1. Run the numbers for CYS70 and ILE22: contour at 0.36 nm per residue of separation, minus the present Cα-Cα distance, in nm.
2. Arranged from highest to lowest average of other beta-carbon atoms within 10 Å per residue, in what order do the peptides 60-70, 87-97, 27-37 appear?
3. Between beta-carbons, use under 12 Å as the cut-off and find the net charge around GLU72, counting Lys and Arg +1, Asp and Glu -1.
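Quick note: the coordinates plus some simple rules give every number you see, no bench work behind them. None of these values were measured; they are calculated from a predicted model. FYI the Cβ positions are ideal-geometry reconstructions off the backbone, even for glycines, and counts take in every protein chain you see.
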Amino acid sequence: MLKGYSRKQYRTFKHFTMTTAIDKKQEALDKLTEGIKALLESGDWENYLKTQAKFHNYSASNCFLILTQCPEASQVAGYNTWKKLRRQVRKGEKAIQILAPLKRKVEDEETGESKYSHFK
């Protein structure tokens, strides 16, 4: 539990952060679905293959997400990684959402059962 917070405040905070994470994951999955549909309809495989070649360490799903959100991206990293590389992210820049592998237990509010979430 967080210091200085009551149990009720902690539960509200925990619920808010889990709900936010689930919403972000769903948003990324929706973008992925839209990107795949657009790629299949346009037949623009060459751009996808170029993106996959640039980001060969990323999964196919994450390459789709990178391509749909920022086709001109040449390097992708988190904010702290850019700081370690002594780079500063420009003010107002938007993050590229990708699916980060993570295994954690999530409780369903309605049913009360626990299940594992595999992406952040």
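1. Taking 0.36 nm per residue and subtracting the Cα distance, the gain is 15.0 nm.
2. 60-70, 27-37, 87-97
3. Here the charged neighbours net out to +2.
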